[in-house]
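Undergrad: Sharing a structure, written as structure tokens. Questions coming.
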Amino acid sequence: MRTALIFVLTIFGFPAIANPAETAIGHCAERYEQCLSDWKAKRLEFLKGEDGYLNLAGLFWLKEGPNTFGSDPSNNLVFPGKPGKNLGTFTLRDDLVTMSVNENYDVLITGRRVGRAVMRDDTSGDPIVASHGSLSWIIIRRDNQFAVRLRDFEHPSLQNFPPIDSYPVNEDYRINATLHPYPEPRIIRVDTVIAGLDYNPWSPGVVRFELDGAAYELEAYDAGSELFMVFGDRTSGRETYPAGRFLYARKPDKGGEFTLDFNTAHNPPCAFNEFATCPIASARNRLPVRIPAGERFDPTTH
């Protein structure tokens, strides 16, 4: 399986998957609309790909000790579809997850049948991927909690996914911005769509910019070679995703200046699938203005 590019944004183990196909548009001095169209095509390809969000089929939080899994309702973790009724057990102990497979079932890791395996989680940089039929799963770690993230490569969404609705391209929302660093990078507490689960990224500072002569700012999070922002505005919950949208930008040069392109503002994974763990726009990243650029979302149809 292709491995997603993972930036570990925090020492507390809440990674954000920042695939180049869905983040900043990069250098585009000419033929901007074609660049943006290519970016959208790559984003859709990523969403439908093995590491995208459309094939997510389950998110199961583990309790300390044994957690049985399979399709039978008697299991602690009930997998959808028609996998084995009692596939095995995940045991969480001392921040380590071990998978034991019942001998009647074929569960594969790197193409080989296994009976028992220590499941390195996604914050390790090299998570263990197990599979059974069309299903595969890894262990994710979020805020010192562990869960099984399940994918189904025959998920109906892969065939039935409609085009993503977007505002018309408007280069007025491709603007100059400046990063104003904090004296020292700081860890920020950000809420997520899951109550009680925090996102704790490093923030290098705030991004300042102007729209229609008014000044605004967003707190940025570190994402390797990029800045990552989760923002809301006056379209949120009406025309765009209620919890906010994602926006990436290439890190600035020494002068602190860079391009902030709201035409690439896009829906978080949670807009497409209930099994993602998404940060939401903080109070300070809620802009008191409409940003009619980037992807839209109709709350009445979801």
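The values are calculated or read from the model by the stated rules, or taken from the named source; none is laboratory data. None of the values given here were measured: they were computed from a predicted structure. Note that each Cβ is placed from the backbone with ideal geometry, even for glycine, and that neighbours are counted across all protein chains shown.
Undergrad: Go through the stretch 93-185 and tell me which strands (runs of 3 or more DSSP E), entirely inside it, have 2 or more residues that are out of contact with any Ser or Thr (no Cβ under 9 Å at 6 or more places or on another chain) and either outside the structural domain of Cys278 (by TED's automatic domain parsing) or over 30 Å from Ala293 (Cβ atoms) (or both).
TA: Numbers: elements: 96-101, 116-118, 130-132, 135-142, 145-152.
Ranges flagged: 130-132, 135-142, 145-152.
Undergrad: Of the residues that make up the stretch 254-263, is at least one over 17 Å from the mean Cα position of the chain (by Cα), under 30 Å from Leu54 (Cβ atoms), assigned to a strand (DSSP E or B) and β-branched (Val, Ile, Thr)?
TA: Initial filter on the stretch 254-263 (over 17 Å from the mean Cα position of the chain (by Cα)): 254-263.
Checking the rest, the ones that are also under 30 Å from Leu54 (Cβ atoms) come to 259-263.
Narrowing the set further to residues that are assigned to a strand (DSSP E or B) leaves 259-261.
Those still in the list that are β-branched (Val, Ile, Thr) too: 259.
Yes, some residue in the stretch 254-263 is over 17 Å from the mean Cα position of the chain (by Cα), under 30 Å from Leu54 (Cβ atoms), assigned to a strand (DSSP E or B) and β-branched (Val, Ile, Thr).
Undergrad: Name the residue that is nearest to the chain's Cα centre (by Cα), counting only residues in the stretch 112-143 that are of a type in the set (A, V, I, L, M), closer than 18 Å to Asn67 by Cβ and surrounded by fewer than 20 Cβ atoms within 10 Å (Cβ to Cβ).
TA: Among those that are of a type in the set (A, V, I, L, M), closer than 18 Å to Asn67 by Cβ and surrounded by fewer than 20 Cβ atoms within 10 Å (Cβ to Cβ), it is Ile138.
Undergrad: For the stretch 186-224, which residues satisfy the criterion of being touching a Ser or Thr at 6+ places or on another chain (Cβ under 9 Å), assigned to a strand (DSSP E or B) and not charged (D, E, K, R)?
TA: Ile187, Val190, Thr192, Tyr199, Trp202, Val207, Phe209, Ala220, Tyr221, Ala223
Undergrad: Another question about this same structure. Just give me the residues in the stretch 264-294 being in contact with a helix residue (DSSP H, G or I) (Cβ under 8 Å, 6 or more places away or on another chain), outside any loop (DSSP other than H, G, I, E, B) and either without any contact (Cβ under 8 Å) to a residue 24 or more places away in the chain or not polar (S, T, N, Q) (or both), in sequence order.
TA: The answer is His266, and nothing else.
Undergrad: Looking at the stretch 213-233, can you tell me whether even one residue there is under 30 Å from Gly88 (Cα atoms) and among the hydroxyl-bearing types (Ser, Thr, Tyr)?
TA: Let us first name the residues in the stretch 213-233 that are under 30 Å from Gly88 (Cα atoms), namely none.
No, the stretch 213-233 has no match at all.
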